[in-house]
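**Student:** Take a look at the following structure, please.
Coordinate-derived values only; no laboratory data. Everything numeric in this text was worked out from a predicted model, so none of it was measured. Here the Cβ positions follow ideal geometry from the backbone for every residue, glycine too, while neighbour counts run over all protein chains shown.
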Amino acid sequence: MTKTISTIIGSALLLTSVATAAQAGGLERGGYNWDLLFSEERFVTEGGVIYVMPDRKIKNAKDTNPLDGNENFKKSSTSETPDYSVYKFGAKVGITPDLDCLGSYSQPWGVHTKPGSNWAGDNSNIETKISSDDWGLTCSYKFHVTDKGSLRFIGGVSYQELEGFKTRMVNGFVPLLTHGALDGTGRLNLSADGVGWRVGAAYEIPEIAFRASLMYNAAVDLGEIGGTLDLTQLPKTPANPLSGRITDVYGTAEMPQSVEFKLQTGIAPNWLAYGSVKWVDWSVLDVIAFCPTATKGKVACGPSSPARATSLDLMFQDGWTVTGGVGHKFNDQWSGQLQVSWDKGTTTGLTTQTDTYLLSGGLAYSPNKNVELRLGGAIGILKSGSYGPTKCTGNVACGADATYDFGNDLVTAVSLSGKMKF
């Protein structure tokens with residue numbers, strides 16, 4: 001049954017990746033996935049791309065802070081989320097019959113919102129974009145504990161790089177007073193890197209395609225996040241010594257730890273059932289303050305610090321994702337799979353990341369024993385919610401710049417990947 005069902009497993013892994021990218025709670029984009037490590041073949045390479053089309057629409061937007069310029073003459077509705085792509089690549093080598101290692105590239109974190117500058121809430125966001133690159137090495141060692149079952153211990157490390165920016169309207173009076181010579185916007189640029197690690201275990205019975213695995217991914221300490229605060233679109237004023245220039249700034253943050261349990265088993269000839277539960281500690285990202293580097297060592301940088309120049313106000317809550325699916329092998333070349341998943345929203349009122357419900361399906365085609373091609377798709381619902389004043393860390397007022405609503409919106413995704421095995 002192992003050989004019969006291996007293609008179904010591959011198709012299931014493809015759709016799990018589609019679901020992760022399409023639901024994207026917190027700053028999750030491609031997430032973590034080490035399942036290629038379990039491939040039966042000694043040499044396996046895999047690469048793919050996922051294209052996600054979220055259709056989040058903002059409505060009823062109002063500028064609620066008259067001190068930064070009244071933007072209510074602009075549109076009260078806009079589209080927030082551009083389409084995006086997620087790439088991944090992995091290569092697994094069986095060093096011995098029991099020792100396997102996987103080298104991987106992925107894009108675990110990211111976000112891109114672009115409501116633009118012609119809406120009433122542009123003082124909260126014009127465009128925000130964060131992207132990441134992760135290079136990992138993960139190995140496992142297998143022990144045969146029964147005649148049919150084996151226990152596998154897993155461990156690995158990753159190096160991650162993150163970069164991004166946020167642009168928003170800082171003072172809407174400026175373009176009116178300067179007749180458009182300055183547009184009143186500000187931009188925060190940032191970059192960081194860090195090292196993470198993971199550990200886990202799996203129990204397998206290949207004869208019935210059974211596998212239960214538990215993986216822990218440690219938090220990635222980004223240390224000091226470097227960046228710049230560009231306020232060159234504001235006139236220089238004594239009241240704000242940072243206006244009219246670019247200032248080097250810094251902050252601190254870490255990417256969240258996570259735990260994921262996966263279970264799969266053959267349920268009949270050519271049929272596979274599987275499911276997973278994942279928890280992500282998104283609450284570690286609350287208010288990330290940025291202070292001028294000139295103040296480093298003189299005063300602590302935090303949400304309530306007198307040196308705070310700006311901040312990323314996220315205030316996420318922990319995320320949960322539950323997935324279940326079934327796969328079927330039609331013949332030696334074709335197999336298919338269907339999956340449903342639910343992702344608990346991470347927003348506490350400062351983002352549009354609410355609960356997501358997703359249905360995904362896919363096909364895998366193997367023209368020969370060495371090549372496998374997979375095509376997947378997904379459609380889902382992004383639940384409704386609102387943005388507005390939220391209690392924040394350090395008694396900082398968050399979400400006091402604007403209010404807006406969003407309804408139940410559609411998200412779709414497609415995925416294409418290929419696998420070569422020897």
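**Student:** Scanning for something under 19 Å from the mean Cα position of the chain (by Cα), surrounded by 15 or more Cβ atoms within 10 Å (Cβ to Cβ) and not hydroxyl-bearing (Ser, Thr, Tyr), does the range 386-395 turn up at least one residue?
**Tutor:** Looking for residues that are under 19 Å from the mean Cα position of the chain (by Cα), surrounded by 15 or more Cβ atoms within 10 Å (Cβ to Cβ) and not hydroxyl-bearing (Ser, Thr, Tyr), one finds none in the range 386-395, hence no.
**Student:** I've got another one for you. Mind listing whichever residues of the range 305-338 are within 28 Å of the chain's Cα centre (by Cα) and either charged (D, E, K, R) or outside any strand (DSSP E or B) (or both)?
**Tutor:** The answer is Arg308, Ala309, Asp313, Leu314, Met315, Phe316, Gln317, Asp318.
**Student:** While we're on this one: Gly345: in contact with an Asp or Glu (Cβ under 6 Å, 6 or more places away or on another chain), small (Gly, Ala, Ser), in contact (Cβ under 8 Å) with a residue 12 or more places away in the chain and in a loop (DSSP other than H, G, I, E, B), yes or no?
**Tutor:** Yes.
**Student:** Among the residues of the range 403-419, is there at least one that is assigned to a loop (DSSP other than H, G, I, E, B) and either without any contact (Cβ under 8 Å) to a residue 12 or more places away in the chain or touching an Asp or Glu at 6+ places or on another chain (Cβ under 8 Å) (or both)?
**Tutor:** no
**Student:** Does the range 276-301 hold any residues that are within 30 Å of Asp35 (Cα to Cα), buried (at least 17 other Cβ atoms within 10 Å of the Cβ) and either among the small types (Gly, Ala, Ser) or touching a Lys or Arg at 6+ places or on another chain (Cβ under 6 Å) (or both), and which are they?
**Tutor:** Within the range 276-301, Ser276 is the sole residue that qualifies.
**Student:** Identify, from the list Val52, Val86, the residue that is of a type in the set (A, V, I, L, M, F, W, C), touching a Gly at 6+ places or on another chain (Cβ under 7 Å) and either in a helix (DSSP H, G or I) or touching a residue at least 60 places away in the same chain (Cβ under 8 Å) (or both).
**Tutor:** So the residue among Val52, Val86 that is of a type in the set (A, V, I, L, M, F, W, C), touching a Gly at 6+ places or on another chain (Cβ under 7 Å) and either in a helix (DSSP H, G or I) or touching a residue at least 60 places away in the same chain (Cβ under 8 Å) (or both) is Val86.
**Student:** For the range 155-207, how many residues are farther than 25 Å from Lys62 by Cβ, under 23 Å from the mean Cα position of the chain (by Cα) and not aromatic (Phe, Trp, Tyr)?
**Tutor:** Within the range 155-207, residues that are farther than 25 Å from Lys62 by Cβ, under 23 Å from the mean Cα position of the chain (by Cα) and not aromatic (Phe, Trp, Tyr) number 20.
**Student:** Of the residues that sit in the range 360-382 and are surrounded by 16 or more Cβ atoms within 10 Å (Cβ to Cβ) and of a type outside the set (Gly, Ala, Ser), which one is nearest to Gly325 (Cα to Cα)?
**Tutor:** Among those that are surrounded by 16 or more Cβ atoms within 10 Å (Cβ to Cβ) and of a type outside the set (Gly, Ala, Ser), it is Leu363.
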